[in-house]
Amino acid sequence: MRIRISPLALAVVGLATMLPAVPADAATPERMMAECRARAGKALKTRLPNIETKYEGQRTDGTHAVNGTARFSGRTETFQCSFNRAGSRMVNFVINRTPAAAPAKPVGRGVRRACLIAVGKQTNRRGLSVISVRRGETSTIVLIRVPGAKAPWRCDHGTTGVLRVFYTQAG
């Protein structure tokens, strides 16, 4: 019995024998992202649906970069995974932690008092009261209620004392 093989079938068989064998666990961006995501889920103690990863490419040193973001419990954490040159093994995992900001110091009574006195001198009124106090970029901003005024007065207080006082209503 003779078996006939078409030229196309012969070409396909020949091509298949020439292709390099690729292992099932070949290093692909998808596999590296999945591994990084799983590691972040474990490290951050959160579910995988809360985590996104992105393959960033191969660095100049040959390692592969995968960055990610996890959003859970009202917060966002970012992290980085590094894989060896072949992309077959994770060599580094880092959670990007930013140092907690120091709590703002409470504004002392001296700032409020200095602003009440300054606005009182400017308006020649009594019975003033503080509406709000907040820290600005360069000074503490104190809004003051003055009896009879339609809008609050503003006092800017810096490290050396009252910087300026003005009425907040235009015109």
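For this structure, a couple of remarks:
- In order through the stretch 122-137: 3J(HN,Hα) via Karplus (6.51 cos²θ - 1.76 cosθ + 1.60), integer Hz, x for Gly, Pro: 5, 9, 6, 10, 10, x, 6, 9, 7, 8, 7, 9, 8, 8, x, 5
- Kirkwood-type radius of the stretch 28-87, with distances r between different C-alpha atoms, in Å: 11.6 Å
- Residues whose amide H lies under 5 Å from that of Phe72, counting only those 5 or more places away or on a different chain, are Glu77; hydrogens are built 1.01 Å from N in the peptide plane.
Just so you know, all these numbers are worked out from the coordinates, no wet-lab data involved. What you see is a predicted model; the values in this text were computed from it and never measured.
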